[in-house]
Amino acid sequence: RAVREMNRRLTDGGKWRPQIVIVDEAQKAYMCPKVGPDKKPYGGRKATSRFFMAAREIHNQGRVVDSLLWQGTQDPTNENFPEMVREGAHIRGCLAVGTEAKAAMGVGEKAVDAGAAPHLLRPGLDKGTLVVAGDLSAFGDADPGQSSVTVRTYFIDHDNAVEIADRAKTLRG
């Protein structure tokens, strides 16, 4: 549905409210063994996989019409989070992971080679700390050419989230 909506937006033109598709535990989608009535697999990491191709299409064209795909997995590997899709993400983030190889899968080899180090975050102590790489223009304090930023996140409950969203809408207006 997200790809259909993205293609409709591409065809119709205009300005759109963001369509944000969040797939948490994305490894379950890539590892899904089910096959559709047309004999195409839902999961997998090949061009025959419905999910793989949907992710690629949204990564390739979605930003033009505010269609975004956010994917998360706790343990990225080439089997459960294919390289072709990981590398297609314009912004990549990674919480604490156990190895430099996992960090490279999370934020990319180039970022890790330039100093991004989610593998050095301390599980439990650096809770909510995220290393982000890619298009850092959304982070005002990122220097040009900087490979990554470290971001501290916080949990906000429903009532506080509503209050913050209302303030943001007022300020935007």
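Taken over segment 78-121, the criterion of being of a type in the set (D, E, K, R), open to solvent by 70 Å² or more (accessible area, probe 1.4 Å) and in contact (Cβ under 8 Å) with a residue 40 or more places away in the chain is satisfied by Glu79 alone.
Restricting attention to segment 29-46, the residues that are touching a strand residue (DSSP E or B) at 6+ places or on another chain (Cβ under 7 Å) and either among the hydrophobic types (A, V, I, L, M, F, W, C) or closer than 15 Å to Thr77 by Cα (or both) add up to 2. Is segment 47-66 home to any residue that is of a type in the set (Lys, Arg) and open to solvent by 70 Å² or more (accessible area, probe 1.4 Å)? Within segment 47-66 (the criterion being of a type in the set (Lys, Arg) and open to solvent by 70 Å² or more (accessible area, probe 1.4 Å)), the answer is yes, since at least one residue qualifies.
The listed residues are Asp12, Asp38, Asp24, Asp75, and the only one of them that is within 20 Å of Ala104 (Cα to Cα), open to solvent by 60 Å² or more (accessible area, probe 1.4 Å) and modelled with pLDDT of 90 or more turns out to be Asp24. I'm trying to understand the selection: among the residues of segment 80-112, which are closer than 21 Å to Ser137 by Cβ and at pLDDT 90 or above? Once the filter is applied, which keeps residues that are closer than 21 Å to Ser137 by Cβ and at pLDDT 90 or above, segment 80-112 yields Arg92, Gly93, Cys94, Gly106, Val107, Gly108, Lys110, Ala111, Val112.
The values are calculated or read from the model by the stated rules, or taken from the named source; none is laboratory data. From a predicted model like this one, the values you see are computed outputs, not experimental measurements. Positions of Cβ are backbone-derived with ideal geometry, glycine not excepted, and every protein chain shown enters the neighbour counts. SASA here: full protein model, heavy atoms, side chains in, ligands and nucleic acids out. Shrake-Rupley method; radii C 1.70, N 1.55, O 1.52, S 1.80 Å.
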